[in-house]
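What follows is a single structure, written as structure tokens, with notes after it.
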Amino acid sequence: MGARPASTVRSKQSAPQQDQIFDSHPEVSLDFECVRQAAQQRYTRPFLIIDNAIVRAKLERFRAAMPRIRPHYAVKANPDHRVLRTLAQNGSGFEIASVAELDLLLALGVPAAEIFYSNPVKARDSIAYAAQKGVEWYVVDSVDEMRRVHEVMPDAKQYLRIATPNIGSDWPLAGKFGAGTAEIRECIAYASRHRIDLAGITFHVGSQCRNPENWRVGIEKARALFDAMVKAGLKPRMLDIGGGYPVRHVKPIPSIEVIGEVVNRALEAFPDDVRVIAEPGRFLVSDAGYFVCRVLGTATRGGKRWMHWDAGMFGGVIETTEGLKYRIRCDRSGPDVPWTVAGPTCDSVDIVMRDELLPSDLQEGDFIYIKNAGAYTTAYASQFNGFPLPEVRVIDARGD
Ligand SMILES: Cc1ncc(COP(=O)(O)O)c(C=O)c1O
């Protein structure tokens with residue numbers, strides 16, 4: 001395929017210094033006054049308010065930072081049909097985990113060829129359904145999956161998910177998916193033996209990844225694997241650098257522009273005819289939304305202050321349970337004290353924050369506003385214990 005050798009990928013020495021990469025660009029968030037008004041006007045249950053104008057701006061910013069890369073939005077981050085439509089209308093492709101997500105996109109008129117099936121384990125009938133609808137690209141990370149996809153759809157274009165470092169990611173995804181060195185060798189040999197069109201490589205650096213070097217390492221590894229695949233008689237022609245692009249909460253983040261510099265340089269080792277895509281989820285929708293819920297009640301237990309919200313880990317506030325720290329606002333201004341924050345259900349796991357510093361005078365009925373929460377909130381929510389799903393209110397602050 002005439003690729004430039006892997007050794008031309010930039011060296012470690014030219015990586016940006018860690019102290020230069022954080023918070024180097026302004027970030028935009030949904031206007032707080034608009035959120036506050038929305039809560040005052042009508043409140044029946046927790047809601048996410050999301051501004052499609054910001055979604056569009058983030059898509060543009062992603063493309064400007066990495067012009068060679070086509071973003072394929074990860075539907076799982078926020079599958080609201082109005083958000084999906086905005087992304088589709090503005091030229092995004094998509095990545096799906098299930099046929100339900102596929103149906104959402106098809107209903108919006110998204111061409112199946114724009115949709116990548118990036119779940120490394122798929123039921124046979126899901127593969128058959130996607131194939132019948134015209135989906136061309138299927139991820140695999142094992143010989144078992146490769147065989148299954150091939151049996152159901154012999155002409156599928158398969159792409160191999162490889163394990164790469166998730167160091168510095170607030171929501172790591174390593175440890176479940178991704179072929180290791182031995183399995184990669186097996187997969188390449190199997191594809192070659194069985195004339196499977198193993199056509200690409202993908203990896204995921206971990207969600208909310210604050211370490212741009214993870215992408216460099218992944219791209220370099222993919223570059224070396226392209227050579228190995230060519231040697232095995234395969235035709236690698238697609239690189240998918242996955243998701244993970246962070247948004248600002250409490251900890252500093254490298255901007256998309258800084259990540260873009262690292263990625264763009266690493267991509268120079270790939271010839272121009274290699275198609276490069278990415279699967280941003282959080283980056284495109286998080287900053288566009290505020291999640292709003294209410295204090296149900298407070299209590300003192302064992303000398304500690306507890307606060308119960310009407311949305312907890314089953315109602316959309318789940319990422320805090322793995323350590324993600326949101327910026328939380330309210331309408332009180334008392335001195336901050338440590339609170340244990342729980343959801344409304346009877347389940348003892350429904351505790352979303354411990355020792356979170358929030359105003360001491362918060363009380364029953366107060367609104368809680370969680371900033372930059374457009375991703376992985378409503379998408380995770382269930383009706384466990386009979387509590388309602390959060391509402392999703394979509395606005396378009398630029399009015400189109
Ligand atoms: C296969 C795949 N692609 C993309 C994403 C999106 O990741 P993020 O929202 O961190 O960009 C995920 C998230 O879990 C994923 O599993």
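Check ILE115, ILE188, ILE201, ILE162 and return the single one that is more than 14 Å from the ligand (Cβ to nearest atom) and open to solvent by less than 20 Å² (accessible area, probe 1.4 Å). Criteria check complete, one pass: ILE188.
Exactly one residue among ASP125, ASP155, ASP170 is acidic (Asp, Glu), in the same structural domain as ASP240 (by TED's automatic domain parsing), without any contact (Cβ under 8 Å) to a residue 12 or more places away in the chain and out of contact with any His (no Cβ under 6 Å at 6 or more places or on another chain), and that residue is ASP125.
Tell me whether segment 118-136 contains one or more residues that are open to solvent by less than 60 Å² (accessible area, probe 1.4 Å) and part of a strand (DSSP E or B).
Initial filter on segment 118-136 (open to solvent by less than 60 Å² (accessible area, probe 1.4 Å)): 118-120, 122-123, 126-128, 130-131, 134-135.
Within this subset, residues satisfying the condition of being part of a strand (DSSP E or B) are none.
No: segment 118-136 contains no residue that is open to solvent by less than 60 Å² (accessible area, probe 1.4 Å) and part of a strand (DSSP E or B).
The values are calculated or read from the model by the stated rules, or taken from the named source; none is laboratory data. Computed from a predicted structure; not experimentally measured. When we count neighbours, we look across all protein chains shown, and the Cβ atoms used for this are built from the backbone with ideal geometry, even at glycine. For the accessible areas, the whole protein counts, side chains as well, though only heavy atoms, and no ligand, DNA or RNA atoms are used. Shrake-Rupley method; radii C 1.70, N 1.55, O 1.52, S 1.80 Å.
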